[in-house]
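Asks: Before we start, here is the structure in question, set down as C-alpha cells.
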Amino acid sequence: MRGFSLVELLVSMALMVTIGATLLRLMTSASVIARAQPAAADVQQRARAALVALGRDLARAGAGLDGGPLSGTLAQYVPAIGPSPEGGIAIWYVSSRDAQGELPSGAGGGTTEVVIRSTACPVAQSACAFSPSTNVLLFDAAGCSAIARVDHVTDMTLQLRTPIAACAIRPGGAAAQVEARTFYVDPIAHQLIRRDEATGIDLPLLDGVDSMRAEYFDAVSEGAPAIDPVLDARNVRRVRVTLRLIPSDTRAGVPSFVFALDVAPPNLSLR
C-alpha cells in the first residue's frame with residue numbers, strides 16, 4: 001500500500017484547517033444571529049410599550065372641563081404639559097366627564113374639605129360623581145391651583161388626604177378629577193418611570209431605557225423652532241419625545257434603538 005507523500009499530507013491538512021475554520025465561522029455566525037434576533041425583537045417590543053404608555057397620555061394632555069365658566073383646555077389655567085426637574089415630561093388632563101364641578105365657597109389654604117356643586121349629580125348629592133382614592137385638581141380663573149388625593153366623599157363635599165398648601169381657590173373656582181403624571185428616565189437603573197403627582201408614587205414602566213429628551217413647539221406644523229416650555233408654558237401646541245433604548249443582551253451586537261414620538265395634543269389648540 002502506497003503511503004501519503006509530504007505534499008499530499010500538507011494539502012490534506014490545509015483542507016482540514018480551511019473546512020474547520022469555515023465551520024467555526026458558521027457556528028459563530030449562527031450563535032450571533034440566535035442572540036441578535038431575540039434581542040432586536042425585545043428592543044422593538046419595548047419601544048412599542050413606550051409608545052403606548054406615553055402616547056396615550058400625550059394625546060389627552062390639556063383636556064379640561066366640559067362646561068361652566070372655566071371650560072376649555074386645562075392649559076388656560078395650569079401648565080398642562082412641560083418639563084420635570086428630572087429632565088422628563090409632566091402631563092396633566094381632566095380624566096372624567098362627570099367628576100367635575102364648581103367650588104361655590106372656594107377652598108382656602110390649609111383646608112381639607114371642599115364643597116362641590118356639580119350638574120352631573122342631584123342637588124342634595126352634588127359630589128356624587130367623585131370617588132375616594134382619585135386625584136382632584138382645584139383651580140380658579142386667577143391661576144391659583146392645587147392637586148390633592150380624595151380621601152372620602154360625602155353628599156356634597158370632598159375630604160382631602162392632605163391640606164391645600166398653596167394659594168386659596170376663589171369662590172366660583174372648579175374641581176375636576178385629573179391625571180397628573182410625570183415620565184422620566186432613571187439614569188442608574190435605566191428605567192422609564194411614571195410618577196403620580198398627587199401621591200408622589202413612582203412606578204417603573206420599562207427597563208433598558210438609556211435616555212429621554214423632550215422638545216416643545218408653539219406650532220402644530222413641522223419646521224417650527226423649539227420653545228422654552230418654562231418661559232412659554234401656555235403656548236405649547238406640540239411635543240416631541242425622543243427615547244434611546246439599549247438591548248438587554250449586550251453580547252448580541254444589536255445597536256441602541258432611538259425613536260421619537262411627535263404629538264400635537266388636540267386639547268392644547270382649544271384656546
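Asks: Is there any pair linking a residue in the range 221-233 that is in contact (Cβ under 8 Å) with a residue 60 or more places away in the chain to one that is surrounded by 12 or more Cβ atoms within 10 Å (Cβ to Cβ) and not in a loop (DSSP other than H, G, I, E, B), with Cβ under 6 Å and at least six apart or on different chains, and which?
Replies: Filtered contacts from the range 221-233: Pro229/Gly82; Pro229/Pro83; Pro229/Tyr216; Ala233/Gly82.
Asks: Val136 versus (1) among the β-branched types (Val, Ile, Thr); (2) surrounded by 19 or more Cβ atoms within 10 Å (Cβ to Cβ); (3) more than 14 Å from Ala175 (Cα to Cα): which is the lone unmet condition?
Replies: For Val136, the exception is condition (3).
Asks: What is the one condition in (1) at pLDDT below 95; (2) assigned to a strand (DSSP E or B) that Ser133 does not satisfy?
Replies: Single failed check for Ser133: (2).
Asks: Moving on to the next point. Are there any pairs with C-beta distances below 7 angstrom linking a residue in the range 46-63 that is in contact (Cβ under 8 Å) with a residue 40 or more places away in the chain and within 17 Å of Tyr184 (Cβ to Cβ) to a residue that is crowded, with 16+ Cβ neighbours inside 10 Å and among the hydroxyl-bearing types (Ser, Thr, Tyr), with the two at least 6 apart or on different chains, and if so which?
Replies: Ala61/Tyr93
Asks: Okay, next question. Output the residues belonging to the range 222-236 that are in contact with a strand residue (DSSP E or B) (Cβ under 6 Å, 6 or more places away or on another chain) and either of a type in the set (S, T, N, Q) or surrounded by fewer than 21 Cβ atoms within 10 Å (Cβ to Cβ) (or both). First the steps, then the outcome.
Replies: In the first step, residues of the range 222-236 are kept if they are in contact with a strand residue (DSSP E or B) (Cβ under 6 Å, 6 or more places away or on another chain); the result is 224, 226-227, 229, 233, 236.
Within the range 222-236, Ala224, Ala226, Ile227, Ala233 meet the criteria.
Asks: Give all pairs with beta carbons closer than 7 Å in which a residue from the range 96-122 that is farther than 13 Å from Val153 by Cβ and touching a residue at least 12 places away in the same chain (Cβ under 8 Å) meets a residue that is in a loop (DSSP other than H, G, I, E, B) and among the polar types (S, T, N, Q); count only pairs at least 6 apart in sequence or on separate chains.
Replies: Gln100/Ser118; Arg117/Ser126
Asks: Moving to a separate point now. Of the residues in the range 180-196, how many are surrounded by 14 or more Cβ atoms within 10 Å (Cβ to Cβ) and either over 16 Å from the mean Cα position of the chain (by Cα) or over 30 Å from Ser248 (Cβ atoms) (or both)?
Replies: 1
Asks: Among (1) in a loop (DSSP other than H, G, I, E, B); (2) in contact with a strand residue (DSSP E or B) (Cβ under 8 Å, 6 or more places away or on another chain); (3) touching a residue at least 40 places away in the same chain (Cβ under 8 Å); (4) over 16 Å from Trp92 (Cα atoms), where does Val185 come up short?
Replies: It is condition (1) that Val185 fails.
Asks: For residues in the range 147-179 being among the basic types (Lys, Arg) and outside any strand (DSSP E or B), which is surrounded by the most Cβ atoms within 10 Å (Cβ to Cβ)?
Replies: Here the residue is Arg170.
Asks: Follow-up question, since we're still on this one. I'd like to know if the range 57-67 contains one or more residues that are exposed (fewer than 12 other Cβ atoms within 10 Å of the Cβ), modelled with pLDDT of 85 or more and under 22 Å from Val209 (Cα atoms).
Replies: no
Asks: Check the range 87-103 and report whether any residue there is surrounded by fewer than 18 Cβ atoms within 10 Å (Cβ to Cβ) and farther than 21 Å from Thr182 by Cα.
Replies: So far as the range 87-103 goes, yes, one or more of its residues are surrounded by fewer than 18 Cβ atoms within 10 Å (Cβ to Cβ) and farther than 21 Å from Thr182 by Cα.
Asks: Quick one: in the range 68-77, which of the residues that are buried (at least 21 other Cβ atoms within 10 Å of the Cβ) and either in contact with a Phe, Trp or Tyr (Cβ under 8 Å, 6 or more places away or on another chain) or of a type in the set (Phe, Trp, Tyr) (or both) is modelled with the lowest pLDDT?
Replies: Pass one, the range 68-77, residues buried (at least 21 other Cβ atoms within 10 Å of the Cβ): 73-75, 77.
Now drop any that are not either in contact with a Phe, Trp or Tyr (Cβ under 8 Å, 6 or more places away or on another chain) or of a type in the set (Phe, Trp, Tyr) (or both), which leaves 74, 77.
Details: Leu74: 92, Tyr77: 89.
Taking the candidates together, the pick is Tyr77.
Asks: Which residue is surrounded by the fewest Cβ atoms within 10 Å (Cβ to Cβ), if the candidates are limited to the range 197-221 and must be polar (S, T, N, Q) and assigned to a loop (DSSP other than H, G, I, E, B)?
Replies: Ser221
Asks: Tell me which residues, restricted to the range 237-260, are surrounded by fewer than 17 Cβ atoms within 10 Å (Cβ to Cβ), touching a helix residue (DSSP H, G or I) at 6+ places or on another chain (Cβ under 7 Å) and either at pLDDT 90 or above or outside any strand (DSSP E or B) (or both).
Replies: Result: Ser248, Asp249, Arg251, Gly253.
Asks: So, in the range 35-56, exactly how many residues are buried (at least 18 other Cβ atoms within 10 Å of the Cβ) and either over 30 Å from Pro247 (Cα atoms) or at pLDDT 90 or above (or both)?
Replies: 1
The values are calculated or read from the model by the stated rules, or taken from the named source; none is laboratory data. The model shown is predicted, which means the values in this text are computed figures rather than measured ones. Glycine gets a Cβ as well: all are built from the backbone with ideal geometry, and neighbour counts include every protein chain shown.
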